[in-house]
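A short write-up of the structure that comes next.
The values are calculated or read from the model by the stated rules, or taken from the named source; none is laboratory data. What you see is a predicted model, and the numbers here were worked out from it, not measured in a lab. Cβ sites come from the backbone with ideal geometry, for glycine too, and all protein chains shown count toward neighbours. Just so you know, the surface numbers come from the protein's heavy atoms only, side chains and all, with ligands and any DNA or RNA stripped out. Shrake-Rupley method; radii C 1.70, N 1.55, O 1.52, S 1.80 Å.
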Amino acid sequence: MKSIRSKLLLTFILLIISLVGIGLLINLFFLETFYIHQKTIKIKNSSEELKVLYGQKNKDQLISFVDTLEKSHGFSIEVLSLSGSTLYSTLKGDSKEKLRTIDEFEDLQNKPNVSENGMNRLKNELKKNTFYVTKTNLKSIDLEFLLVGSKLDRNKILIIRTPITAINESVEIYNYFLIYIGLALLCVGTVIGLIMAKSFTKPILEISSMAKEMTSLSFSRKWSRNRKDELGQLGYSMNELSNIISDFIEKLNIKNKTLMNELEEKVKFEKKRRTFISNVSHELKTPITIIQSYTEGLQVGVNQTEEEQREYLDIIMDEANKMEKMVYDLLNLSTLQNSKMEVHYEEVDLNQLVNEMMKLYSPQFNENHIVFQHEQTDIKPIMTDRIKLVQIMSNYINNGLTHVNEKKQITISVKERENTYRISVFNSGEMIPESEIESIWESFYRADLARNRTNGNVGLGLSIVKELAIMIQANVGVENEEDGVSFWIELPKMTNFNE
């Protein structure tokens, strides 16, 4: 495929060749005809002017005009009588004699006579037309002349000749000259054409390169030339198009990313929903099965004694209580996730709150021989939802009671950080595997299935903690320590509700 630069150069060269060729053809076929036509008009005009001067009998002007025509324009002038006698001729006599006789037009000695046929043809043509125009040859000097005849008056005929042989040589010389000029123009034009083609095609190639990069979704390249012509407008339009496509693709990528995130969230949600339903079904199935089995045992009289019957009823009641607690936790979690609970901010002294929690759980600590400690710092009261914070702390303490080991140690600490207050609940026990730290906040997560089933824990506590923390603008987390696990909550330092 030829480049646009080659095509432009070839077109420029062909244009030069065509112009030179057209010049040669015009010169060859039309120059001689045009020259003769112009000479004819000049001779006719001169004839008319000479007639006017002759009619005015202005001898001096007439002599001057004839002398100008003969010397300056190279015309040969003859005046003939109707019989063909030469009354005046440029070709006969010296200058003084010609100028002396020009106003009288007397017969010249040794005058040439025009043939009778020639005179008859001349007179017949002049009867029809004002001028008689023809080409003629003078054998004596072997030249071709353009002859224009007209009536000077009733008895005289004016003949003006001019040689035209030289025009043929001029045409040939001019043709050679035009060829040389054409070759020179072709060389110079080729160089100029190369420069022009390069200057014209360089911005086009640059725009083409921009377009190719745009097809590869690369929009860093911009048109920077300072041009005011159509190519400049095209370059600026390409910049605008590049910006529009770049912005569109960027927005499209953002939307695609958002859509992918939404899709991933939907997939995760669907997975959680199925897991949630499966877990709920499983958690409900176990107590229902136990209740059903013991109820059937009572119906068929498997237990004979009153003590055995009471044991069966206690088991049924225990499973019913577990089901009730699970349903309550599910309803509580659902309410939190749907943001149906209101937040009531009030001033809370964190150290005082921890002391109250210690008193509340003292019976359980004493019953389970727990070594309970409270590490406090002198801090200002903050604005938060007291009830929801108590729920979070209760879940943390219950979780600590569930997982505490034989060291039986639970410690609650309140510490001030840069922009927050952190309350931590530590219990001695086994560490949580790093791979499961993120999972513990999900519904129905239980590290020890058998142990938690015995304690009536179905794995909803930490999910509830997470939702409550979001509502009161707090952060929650867990850290493995040397002898156990520490769950914490960080509360913002708000001393009034408007902060």
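Residues LYS251, LYS212, LYS255: which one is of a type in the set (Lys, Arg), open to solvent by 80 Å² or more (accessible area, probe 1.4 Å), in a helix (DSSP H, G or I) and under 20 Å from SER3 (Cβ atoms)?
Among LYS251, LYS212, LYS255, only LYS212 is of a type in the set (Lys, Arg), open to solvent by 80 Å² or more (accessible area, probe 1.4 Å), in a helix (DSSP H, G or I) and under 20 Å from SER3 (Cβ atoms).
Could you go through the range 322-330 and let me know if any residue there is part of a helix (DSSP H, G or I), open to solvent by 90 Å² or more (accessible area, probe 1.4 Å) and either at pLDDT 75 or above or in contact with a Cys (Cβ under 6 Å, 6 or more places away or on another chain) (or both).
Checking the range 322-330: not a single residue is part of a helix (DSSP H, G or I), open to solvent by 90 Å² or more (accessible area, probe 1.4 Å) and either at pLDDT 75 or above or in contact with a Cys (Cβ under 6 Å, 6 or more places away or on another chain) (or both).
Within the range 463-488, how many residues are open to solvent by less than 20 Å² (accessible area, probe 1.4 Å) and either modelled with pLDDT under 80 or in a helix (DSSP H, G or I) (or both)?
Summing the residues that are open to solvent by less than 20 Å² (accessible area, probe 1.4 Å) and either modelled with pLDDT under 80 or in a helix (DSSP H, G or I) (or both) in the range 463-488 gives 5.
Among residues belonging to the range 375-387 that are open to solvent by 10 Å² or more (accessible area, probe 1.4 Å) and not in a loop (DSSP other than H, G, I, E, B), point out the one that is nearest to ASN355 (Cα to Cα).
Per the stated criteria, the residue is GLU375.
So for the range 297-310 (the condition being open to solvent by less than 60 Å² (accessible area, probe 1.4 Å), more than 28 Å from VAL414 (Cα to Cα), modelled with pLDDT of 70 or more and assigned to a helix (DSSP H, G or I)), does at least one residue qualify?
Yes, the conditions are met somewhere in the range 297-310.
Looking at the range 394-439, which of its residues are open to solvent by 10 Å² or more (accessible area, probe 1.4 Å) and part of a helix (DSSP H, G or I)?
SER394, ASN395, ASN398, ASN399, LEU401, THR402, HIS403, GLU434, SER435, GLU436, SER439
Inside the range 194-220, can you point out the residues that are touching a residue at least 12 places away in the same chain (Cβ under 8 Å) and charged (D, E, K, R)?
LYS198, GLU206
Determine which member of the set LYS198, LYS123, LYS222 is touching a helix residue (DSSP H, G or I) at 6+ places or on another chain (Cβ under 8 Å), basic (Lys, Arg), surrounded by 12 or more Cβ atoms within 10 Å (Cβ to Cβ) and in a helix (DSSP H, G or I).
None of the other options fit; the residue is LYS198.
What number of residues within the range 431-462 are in contact with a Gly (Cβ under 8 Å, 6 or more places away or on another chain) and at pLDDT 80 or above?
So the answer is 1.
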